[in-house]
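Below is one structure, written out as structure tokens; comments come after it.
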Amino acid sequence: MSGKEVENMIIIGGGPAGYTAALYASRAELNPLVFEGFQWGGQLQNTTEVENYPGFPEGIMGPEMMTRFREQAERFGTRFVTDDVDRVELGDGGIQKVYLGDEEYLTKSVILSMGAEPRRLGIPGEMELMGRGVSTCGVCDGAFFKSRKTMVIGGGDSAMEDAVFVSKFASELNLVHRRNEFRASAIMQDRAEATPNINLMTPYSPEEFIAGEDGSLASVRLRHSDTGETSEVAVDGAFVAIGHIPRSEVVTGQVGTDDEGYVVTEAGSTKTNLQGVFAVGDLVDHTYRQAITASGSGCQGALDAEWYLRDTEF
């Protein structure tokens, strides 16, 4: 390779999965290089208090948790580049290529951990009130709204699951969907409809999240999809559950992806369809999307890559 340095491992992405992979790889003395991106830390950088990650009985703020993950990996020799990868040239084995602009990096293995991001409604107040009453994860934040009025927005299985989960804590919950028909499976819809404190509101589209005097969410303005009439519904918490977008665009067409853009891995493994290329975290996870499952996946990816490097001649 013209004498150019070849890395053992490059990790693309810097959330719980990428940092855990880096920790395991660096402790194995593989000296990984992490392109963590400008939005390092992943979705937890936009999260307030995390109460469901083991080892933090008092809870921890999302950004602080990611800083600790990063520092722990760095302690064992992980190197970080706080920049977004522009493109990759991935092959089935051999030396892989990763690019920042025109700068080429060569590596024997790649771990993809770019994550996924929640779909947004794109309405006023959504981003401003994120973490102050507006959330994209019912499982993560539902318990903060014990005996409070809540709302879940969406019409698929994720919305139904969030509604049923949050309803365990909330005094009442409005499940809002812009159409009369839901996309959710019949069993999930039946489960939501059978929950006493869930009220189905259709067909309504949210138009604005409105803050109260304390700066937290106070109400949601809805528009009836048929009549156009608007109304405000008082809520303490609102959960946007309209799906996720995997951040796989940089590898689309090179590694196998499914119809939704999630990278496909072998069952029980983090291996992609290309030798030497592994994928972890929310980039491959349709279902759980929790910090702890992403971390576990990152551990698996690092071990799979370590074994691949051990058994492969370059």
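Quick notes on this structure:
- Residue within the range 182-191 that is of a type in the set (F, W, Y), buried (at least 20 other Cβ atoms within 10 Å of the Cβ) and in contact (Cβ under 8 Å) with a residue 12 or more places away in the chain present: yes
- Condition check for N199: surrounded by fewer than 18 Cβ atoms within 10 Å (Cβ to Cβ), touching a residue at least 24 places away in the same chain (Cβ under 8 Å) and outside the structural domain of F38 (by TED's automatic domain parsing): yes
- Count of the range 159-193 residues which are over 25 Å from the mean Cα position of the chain (by Cα) and assigned to a loop (DSSP other than H, G, I, E, B): 4
- Scope the range 231-247; condition within 16 Å of R221 (Cβ to Cβ) and either within 14 Å of the chain's Cα centre (by Cα) or part of a loop (DSSP other than H, G, I, E, B) (or both); matching residues: V235, D236, V240
- Residue check for G37: surrounded by fewer than 16 Cβ atoms within 10 Å (Cβ to Cβ) and in a loop (DSSP other than H, G, I, E, B): no
- Members of the range 286-314 that are within 20 Å of E117 (Cα to Cα), part of a loop (DSSP other than H, G, I, E, B) and either at pLDDT 95 or above or among the hydroxyl-bearing types (S, T, Y) (or both): T287, Y288
- Single unsatisfied condition, N31 versus (1) touching a residue at least 60 places away in the same chain (Cβ under 8 Å); (2) in contact with a Gly (Cβ under 9 Å, 6 or more places away or on another chain): (1)
- The range 6-29 - residue that is surrounded by fewer than 23 Cβ atoms within 10 Å (Cβ to Cβ) and touching a Leu at 6+ places or on another chain (Cβ under 7 Å) and, of those, farthest from V134 (Cα to Cα): V6
- F145 aromatic (F, W, Y) and under 25 Å from G296 (Cβ atoms): no
- If the condition is being closer than 22 Å to S219 by Cβ and either out of contact with any Lys or Arg (no Cβ under 8 Å at 6 or more places or on another chain) or buried (at least 24 other Cβ atoms within 10 Å of the Cβ) (or both), then the range 156-169 contributes A159, D162, A163, V166, S167.
A quick yes/no check of all residues on (1) surrounded by 20 or more Cβ atoms within 10 Å (Cβ to Cβ); (2) out of contact with any Cys (no Cβ under 8 Å at 6 or more places or on another chain); (3) of a type outside the set (V, I, T); (4) closer than 24 Å to R289 by Cβ:
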{"position": "F56", "(1), (2), (3), (4)": "no, yes, yes, yes"}
{"position": "G62", "(1), (2), (3), (4)": "yes, yes, yes, yes"}
{"position": "R75", "(1), (2), (3), (4)": "no, yes, yes, no"}
{"position": "Y99", "(1), (2), (3), (4)": "no, yes, yes, no"}
{"position": "V110", "(1), (2), (3), (4)": "yes, yes, no, yes"}
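- Scope the range 256-290; condition free of Cβ contacts under 8 Å to residues at least 12 places away in the same chain and aromatic (F, W, Y); matching residues: Y288
- Filter result (part of a strand (DSSP E or B) and not acidic (D, E)) within the range 112-145: L112, A116, P118, M130, V134, S135
The values are calculated or read from the model by the stated rules, or taken from the named source; none is laboratory data. Fair warning: this is a prediction, and the values are worked out from it, not measured in the lab. Virtual Cβ from ideal backbone geometry, glycine too; neighbours counted across all protein chains shown.
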